[in-house]
Amino acid sequence: MTTAPHTETAPLAPTAPLAVPATRASGCPFDPPPSVEYARKEQPVTRATLWDGAECWLVTRYQDVREVLSDPRFSSDAKRPGFPFLTAGFKELASSNTSSFIRQDDPEHARLRRMLTADFMIKKVEAMRPQVQGIADDLLDRMTEGRTSADLVAEFALPLPSLVICLLLGVPYEDHDFFQERSRVLLNLSSTADAVRVSQDELLAYLEKLAETKRHEPDDGIVSRLAARGELSNRDIAAMGRLLLVAGHETTANMTALSTLALLRNPRQLAALREDPTLITGAVEELLRYLTIVHNGVTRVATEDVTVSGHTIRAGEGVICTINTANRDEGVFPGSGELDVSRDARRHVAFGFGVHQCLGQGLARAELQIAIETLLRRLPGLRLDIPFEDVPFRTDMGIYGVHALPIAW
Amino acid sequence: MHITVDQDKCCGAGSCVLAAPDVFDQRDEDGIVVLLEARPAAGLHEAVREAAAVCPAAAITLEQAQERV
Ligand code: HEM
């Protein structure tokens with residue numbers, strides 16, 4: 001077995017509860033960790049241990065994941081005992097009451113989410129396309145002017161969604177170093193609880209001040225309109241704004257860069273997409289499925305005893321739904337280990353499922369379609385500028401991707 | 001095919017509008033689902049079934065008519 005490069009054939013049969021976040025196999029940076037893939041195949045509902053020694057359930061198959069995430073008996077409220085925390089930082093944030101509706105249950109969750117759904121609905125997103133296209137073109141103009149190489153993350157993948165979410169929220173983009181640094185701390189799996197608290201407090205203080213300013217100098221952004229409703233404190237608005245700011249740029253940024261890399265590594269898929277740009281809509285769904293950047297899963301806690309595929313999950317027990325393995329479920333996506341841009345992957349759960357399913361998914365789709373289509377069209381000679389083995393993958397972060405992507409054209 | 005939507009359950013994800021734009025829309029004020037066509041033509045049935053399958057909140061219910069297509 002020592003020479004076999006395929007860890008798939010040598011599964012690590014877990015005797016003890018599976019340790020999460022699990023580690024990916026070296027040389028397979030696009031695939032879920034072998035231990036969790038093994039669980040999906042052999043023990044689809046299984047026990048796991050977290051970094052702090054706490055135990056919880058791991059739900060790994062597509063149907064079970066959809067079932068858990070759409071069942072109101074599984075709570076998103078991180079203040080409930082038994083809630084599983086993927087990092088010390090997330091645990092720290094849970095007690096601070098500042099995570100807004102992503103960590104609340106209905107009816108409060110729905111009340112807050114519905115204050116934002118109009119801003120992210122499909123027709124709003126469609127109307128924004130020309131603006132997003134303009135931003136993509138400007139960034140590529142600047143990146144390519146007089147040069148033949150650059151870091152795609154720093155110059156394109158990150159600034160694009162960052163500029164868009166700033167526009168939407170009414171946050172000055174000049175401050176991007178400030179909030180990008182803090183959101184990196186929030187998402188780093190090894191950040192200490194103290195570091196996370198400081199970053200969270202600084203972000204909230206910044207957004208609270210912004211909310212207060214908008215009460216006197218209103219504009220058309222989300223922060224200003226939330227303030228104008230008169231129902232929310234500056235603190236509530238700051239918590240919502242923080243959620244949107246962090247969720248709104250790290251995710252799309254990482255999907256853009258990781259998708260580019262995945263396409264470069266799959267030249268036939270890249271060629272197919274270049275030949276027929278109308279494939280872009282479906283290709284983005286397939287990339288979302290294949291890459292599932294929310295790679296450590298989505299967490300809940302049971303509020304009643306619930307049976308999932310024959311296992312009774314007791315009230316007060318935590319659950320992690322590994323959406324990355326759900327998206328590799330062979331019963332739903334045959335040949336799931338292959339990237340296939342012509343596949344109909346629309347049923348993937350990369351945005352989660354149930355009432356917490358990603359609020360920004362329409363925007364994310366439009367941004368990804370525009371970013372990838374524009375990049376491929378404008379840089380026909382696009383290639384990786386470092387050996388693949390040297391690409392710095394974000395195994396250390398809550399959102400997967402690459403820290404940098406040196407490219408040439 | 002007869003479609004009903006539950007606006008209380010809807011979480012405004014917009015997946016139905018992407019899957020079947022001729023049948024579903026979103027309310028201007030809050031992005032909640034609006035049914036444009038409760039009995040869509042046969043040519044739209046597949047898109048509607050996809051919309052129901054991707055709805056994260058189980059807000060779309062389909063009843064197959066007696067005289068099936
Ligand atoms: C490729 C990009 C993205 C991915 C893969 C992604 C993924 C996810 C996932 C898996 C969840 C569910 C969390 C849970 O159930 O606990 C979620 C929720 C959320 N996402 Fe995204 N997201 C992306 C982009 C965005 C963007 C662009 C925005 C906003 C501008 C956004 C805002 C949110 C918000 C506000 C929630 C919480 C929704 C709720 O609890 O009701 N996301 N996202």
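Observations on the structure shown:
- Only one residue of A:PHE333, A:GLY230, A:THR256 has its Cα farthest out toward the positive end of the dipole of the protein assembly as shown, where Lys and Arg carry +1 and Asp and Glu -1 on Cβ, and that residue is A:PHE333.
- Sites A:ALA19 and A:ARG184 - FRET efficiency at Förster radius 22 Å, r taken between beta-carbons, to 0.05: 0.35
- Label point distance in nm, A:GLU217-A:ALA154, each placed 7 Å from Cα along Cα→Cβ: 3.1
- Here the protein assembly as shown is treated with +1 on each Lys and Arg Cβ and -1 on each Asp and Glu Cβ, and its dipole about the Cα centre works out to around 440 debye.
- Selected from A:TYR290, A:VAL171, A:ILE135, residue furthest toward positive end of dipole (the protein assembly as shown; charges at beta carbon): A:TYR290
- Longest DSSP-loop-exposure-free segment, GluC sites (Glu not before Pro), chain A, at most 13 other Cβ within 10 Å: A:1-144
- Percent accessible area from carbon and sulfur atoms, the protein assembly as shown, protein chains only, probe 1.4 Å: 52
- Cα pair distances exceeding 13 angstrom across region A:118-165, given as percent: 59
- For the protein assembly as shown: rounded, prolate or oblate by the Cα gyration tensor [a/c cutoff 1.5]: rounded
- Over all directions, the projected convex hull of the C-alpha atoms in region B:2-63 averages 3.5 nm² in area.
- Exposure ranking of A:ASP177, A:ASP31 by accessible area [1.4 Å probe, largest first]: A:ASP177, A:ASP31
- Kirkwood Rh, angstrom, region A:320-409 [1 / mean 1/r, Cα pairs]: 15.9
- Table column - 3J(HN,Hα) (Hz), region A:287-298, Karplus curve with 6.51, -1.76, 1.60, x for Gly and Pro: 5, 4, 5, 5, 9, 5, 6, 7, 7, 9, x, 10
- Overall, region A:336-409 carries a charge dipole of about 340 debye about its Cα centre when +1 sits on the Cβ of Lys and Arg and -1 on the Cβ of Asp and Glu, all other atoms neutral.
- With a 1.4 angstrom probe, the accessible area lost at the B-A interface totals about 1800 Å².
- Within straight-line reach of B:LYS9, meaning a Cα separation under 27 Å, sit the following lysines at least 8 residues removed in sequence or on another chain: A:LYS79, A:LYS123, A:LYS124.
- Computed from point charges on the beta carbon alone (+1 for Lys and Arg, -1 for Asp and Glu), the dipole magnitude for region B:2-63 about its Cα centre is near 180 Debye.
The values are calculated or read from the model by the stated rules, or taken from the named source; none is laboratory data. Only a predicted model underlies this, so the values are computations on that prediction, with no experimental measurement involved. Note that we place each Cβ from the backbone using ideal geometry, even for glycine, and neighbour counts take in every protein chain shown. The protein model used for the area step is the full one, side chains on, heavy atoms only, and it has no ligands, DNA or RNA in it. Shrake-Rupley method; radii C 1.70, N 1.55, O 1.52, S 1.80 Å.
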